[in-house]
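**Q** Below is one structure. I have some questions about it.
The values are calculated or read from the model by the stated rules, or taken from the named source; none is laboratory data. What you are looking at is a predicted structure, and each value in this text was computed from that prediction instead of being measured. Here the Cβ positions follow ideal geometry from the backbone for every residue, glycine too, while neighbour counts run over all protein chains shown. Heads up: the accessible areas ignore ligands, DNA and RNA and are worked out on the full protein's heavy atoms, side chains in. Shrake-Rupley method; radii C 1.70, N 1.55, O 1.52, S 1.80 Å.
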Amino acid sequence: MNSPSSPNTNYLLLAAFLLFSQSVLTASRNLDPKHLRQLNHVGADDSPTYIWPLPSQYTSGNQTLTVNPNLALFTGGNGGGSRIVSQAFERYKRIIFEHASLKLPAAGVDYDLSKLTILVHSDDEELQLGVDESYNLLVAASDAHSVIGEITIEANSVYGALHGLETLSQLCAFDYGTKTVKLYNAPWYIQDKPRFEYRGLLLDTSRHYLPIEIIKQVIESMSFAKLNVLHWHIIDEESFPLEVPSFPNLWKGAYTKWERYTIDDASEIVDFAKQRGINVMAEVDVPGHAESWGTGYPDLWPSSSCREPLDVSKNFTFDLISGILSDMKKIFPFGLFHLGGDEVNTDCWTSTPHVKQWLQDHSMTAKDAYKYFVLRAQEIAISLNWTPVNWEETFNSFPTSLNPKTVVHNWLGAGVCPKAVAKGFRCIYSNQGFWYLDHLDVPWESVYYAEPLEDITDASQQKLVLGGEVCMWGETADASDVQQTIWPRAAAAAVSSNKNSQTSRFSLLTSTSECRNRQCSFVERLWSVQESGSSRNSTTVLQRLEYFRCLLTRRGVSAAPVRNFYARRPPIGPGSCYSQ
């Protein structure tokens, strides 16, 4: 049910309970791997309880409670009646009570937990960067020491409530002996919020087309790990699969007529993501990485034999960019828009007669033209009320000329975010040495201890680091292997001995360290408080990573074995999911 049916007196009791829980949560400790007794506690049925990523604060006990498969939903607060909440409840019910045995009548079973109350204080469902994602999760048994025997999630926004439901689902486990769902280590008092407001995953659908259902599966799996931004790298030099009504010939640059996304497809993906608390940030990478555009409009190429960067000398180029962004603004409401700007080789401009003449007429070098192009594209995005995001080459090349609103996206190596925030820019951390998923051989420890705030000590500058993003570039990933490449380890480029080496994003370096897990490590670095990642208790972390990987596989996510040296390889022999 979607509305409370309890008397008002029960609400007063619940309010008192919540006020009491706040004081308990405030007094509870910050989580740290050395204090994982509760998370590693083995209950009466030898069932551990792990939560990934670690909550900010919690207290727990030693009781094991049964959960009614007919768990009833009661909602309250201005946003409690949200469709996002009710649909999420149904999704998580299917996850928690997945076993067919639970669909049978449970005669004579006296369940400890039969009611879930979700209180959402705000009815504002706008999903933007910085939305309140915090939540409180309270689980109490009805006994002499507690007021209410139920589960309560309290959040300021519907998106915080979604995270509370995910945490609740991880506390529950099916007991094959009793054929009931049990919740271990109760009572639980969890107060949780993310460390960074931007926790992203880049998905590249230009190097290989990904069907809509695969993209949805990736989004679904992101929600299990509390990621909140899908960076959709839709188009690149190899293909242009997106429909653009203003310029209908653009998607002639798709690989085939069957590998395309309509406007309705893109809108469906954005809505699907929003229902799971995930923003979709689109990218149009200009002026390089755009050869496919000229398949439908050859005038965009400097010449038929020299096809990128896009022709800087023609107003048509910028009219077309304006048309693309205007059409995309109707689909992508997220406040950030990625304009690329990386790996621009300007040789075509200086070797094509009419472009070379334009440069001379405007007293520009090729480097000047690169800056001119980036800034003009930024102006178009800003006129549509977008905040522009650019890869770090733009900052490295002309930092004083970038629009002050620019978000600098680090990828080449260390030291960029400190320089960017020192000049007042915001920054996203995606150091390819740690967080590039298409590179398959970096130890999980390298990812876990990669720190977005490294070398940034000033508190005001630290606030300018929005967070981080792992990047699933698609050269060697398609529908057959993208999920096991993403999960469970965010396999990024191996660490070069020279951290400032500006190698191509697609270079592969071999590491001799054992590679276990990376995606899970990345997730926890961006969500959990910094202290929880500071202790190098890798044995404890590894156990939790293995458990989380198995949770993903139980939910239908094709997550690869944790201990593989290279990502996405199958098991090398028989064994338990929890030790591979």
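**Q** Could you list all residues from the stretch 382-394 that are touching a helix residue (DSSP H, G or I) at 6+ places or on another chain (Cβ under 6 Å) and outside any strand (DSSP E or B)?
**A** Across the stretch 382-394, the qualifying residues are Leu384, Glu392, Thr394.
**Q** Those residues that are over 15 Å from Thr317 (Cβ atoms) and open to solvent by 80 Å² or more (accessible area, probe 1.4 Å), I need them from the stretch 361-387; list them, please.
**A** Correct list: Asp361, Ser363, Lys367, Ser383, Asn385.
**Q** Looking at the stretch 549-562, I want the residues that are touching a residue at least 40 places away in the same chain (Cβ under 8 Å) and have a partner that is among the aliphatic types (A, V, I, L, M) and not in a helix (DSSP H, G or I) with Cβ atoms under 7 Å, at least 6 apart or on another chain. Which pairs are those?
**A** The qualifying pairs are Arg549/Ala559; Arg549/Val562; Leu552/Ala559; Ala560/Ala567.
**Q** Restricting attention to the stretch 76-98, which residues are of a type in the set (Val, Ile, Thr) and under 22 Å from Glu126 (Cα atoms)?
**A** Ile84, Val85
**Q** Next question. Mind listing whichever residues of the stretch 388-417 are open to solvent by 10 Å² or more (accessible area, probe 1.4 Å) and either in contact (Cβ under 8 Å) with a residue 40 or more places away in the chain or of a type in the set (Lys, Arg) (or both)?
**A** Listed by number, the residues that qualify are Glu393, Lys405, Leu412, Ala414, Gly415.
**Q** Let me ask you something else. Tally time: how many residues in the stretch 395-422 are polar (S, T, N, Q) and assigned to a loop (DSSP other than H, G, I, E, B)?
**A** Final tally of qualifying residues: 4.
Matching residues to (1) out of contact with any helix residue (DSSP H, G or I) (no Cβ under 6 Å at 6 or more places or on another chain); (2) touching a residue at least 40 places away in the same chain (Cβ under 8 Å); (3) not polar (S, T, N, Q):
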position: His233; (1), (2), (3): yes, yes, yes
position: Trp251; (1), (2), (3): yes, yes, yes
position: Tyr255; (1), (2), (3): yes, yes, yes
position: Glu259; (1), (2), (3): yes, yes, yes
position: Ile269; (1), (2), (3): no, yes, yes
position: Phe272; (1), (2), (3): no, yes, yes
position: Lys314; (1), (2), (3): yes, no, yes
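**Q** Follow-up. Counting only residues that are closer than 30 Å to Val85 by Cα, modelled with pLDDT of 95 or more and open to solvent by 40 Å² or more (accessible area, probe 1.4 Å), give me the helices (runs of 4 or more DSSP H) lying completely in the stretch 257-360 with at least 1 of them.
**A** 263-274, 315-329
**Q** Restricted to the stretch 46-76, and to residues that are open to solvent by 40 Å² or more (accessible area, probe 1.4 Å) and without any contact (Cβ under 8 Å) to a residue 60 or more places away in the chain, which residue is nearest to Leu542 (Cα to Cα)?
**A** Asp46
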